[in-house]
Amino acid sequence: MISIWQTGIVTALIESTDDKEIPYRIIFLRHFRPPKDIKYHYRNVVNKYDYFYKEVHQGYIPILMKCLDLKAEHVVADVGSGTGAIAKDLFELSGLHNPIWCVDPSVEMQEVARQKKGVYPVVKTAEEFFSNPQISERFDRVLATMSAHHFVNPDAVYKGILCSLRPGGFYVQLTGTLKSSLPLFKGVKNLMSQCFERGKEISSPLLKEIGVNSNISHQEFSFSAAVTKSKLYEKYRCRFLSVLQHLSDDEIEEGIRELENEYYHNVKDDELINYECTVLVTRAEKVA
């Protein structure tokens with residue numbers, strides 16, 4: 001008989017035996033760091049957030065510009081906007097008359113966003129923001145870039161997004177895929193796979209809540225990016241992804257050794273690693 005035993009920071013898979021002196025044996029043991037509050041994560045990475053994400057944000061912008069089809073008079077909300085880096089670029093490139101509403105619950109991230117042009121910070125969760133009836137039919141565009149997996153109550157958020165859109169407006173959601181050519185070590189690949197599955201799960205409420213009153217499309221986009229080996233390893237060690245909070249320092253170092261041995265032992269620290277990244281864009285247009 002196999003059972004699971006868990007306490008504190010240790011999880012063990014235990015198999016019973018017929019030996020009276022040794023009635024069971026441990027067939028799997030995992031030591032892990034309990035995931036911290038998401039606010040702790042962003043407070044911890046805020047000073048290097050724009051630096052960590054610079055190369056992928058540069059890849060996102062042309063995709064978002066195409067999918068959002070922004071006009072100067074549009075009123076836009078960015079949900080899970082972080083430091084406002086994407087909002088700033090969208091504002092400047094599209095010539096918007098109004099700043100983009102940047103909705104994010106992290107006070108520290110919003111302090112950085114506040115310094116950027118074209119950003120109107122709103123320190124709230126998506127649930128809090130879209131529950132406000134005063135924003136009914138306020139926006140022409142709402143976007144969520146790699147943030148929808150943080151929705152605690154996606155049904156309520158998507159319903160609120162629908163209410164906040166003007167007729168003919170639309171919501172654009174950009175999520176990740178595992179189709180990147182940048183190798184991942186096993187631990188982070190498993191976590192990201194779970195995260196992307198979470199993204200698929202919350203797309204179902206989107207279809208259910210706004211499918212009757214909107215036109216929905218899905219499309220994959222790819223772009224090229226590059227990162228030095230030293231920066232890549234630094235990003236992992238600083239846990240630039242929130243899912244990395246689930247890994248201990250030892251597990252991250254083990255993952256870096258895995259990458260080094262299998263892929264990067266002949267790559268210099270300051271040498272660029274070129275890769276292709278693929279994202280999924282879901283666009284829901286509110287029917288007039």
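The values are calculated or read from the model by the stated rules, or taken from the named source; none is laboratory data. Quantities reported herein were computed from a predicted structural model and do not represent experimental measurements. We place every Cβ from the backbone using ideal geometry, glycine too, and count neighbours over all the protein chains shown. Just the protein is used for accessible areas: all its heavy atoms, side chains included, with ligands, DNA and RNA removed. Shrake-Rupley method; radii C 1.70, N 1.55, O 1.52, S 1.80 Å.
Quick notes
- Across the protein chains, with a 1.4 Å probe defining accessible surface, the residues C67, C238 rank C238, C67 from largest area downward.
- Local electrostatic count at K179 - Lys and Arg +1, Asp and Glu -1, tallied over other residues with Cβ under 11 Å: -2
- For GluC sites (Glu not before Pro), the sites in the range 64-109 that DSSP calls loop and that have at most 15 other Cβ atoms within 10 Å are E73.
- When each of K117/K235; K189/K235; K124/K286; K179/K229; K88/K159; K88/K231 is checked by Cα-Cα distance, pairs over 18 Å: K117/K235; K124/K286; K179/K229; K88/K159; K88/K231
- Around the amide H of V142, modelled in the peptide plane, lie the amide H atoms of A77, F170, Y171, V172, all under 5 Å away and 5 or more residues distant in sequence or on another chain.
- Computed from phi, the 3J(HN,Hα) profile of the range 271-282 under the Karplus parametrisation 6.51, -1.76, 1.60 (θ = phi - 60°) reads 8, 6, 9, 8, 8, 9, 10, 10, 10, 10, 10, 9 Hz, with x in place of Gly and Pro.
- Entry note, the range 131-186: relative contact order of 48 percent, from Cα contacts under 8 Å with a spacing of 6+ residues.
- Selection from I256, Q245, T278 lying farthest towards where the dipole of the range 234-285 points positive, charges on Cβ: T278
- For C102, the residues 5 or more places off, or on other chains, whose built amide H falls under 5 Å of its own are D78, Y120, V122.
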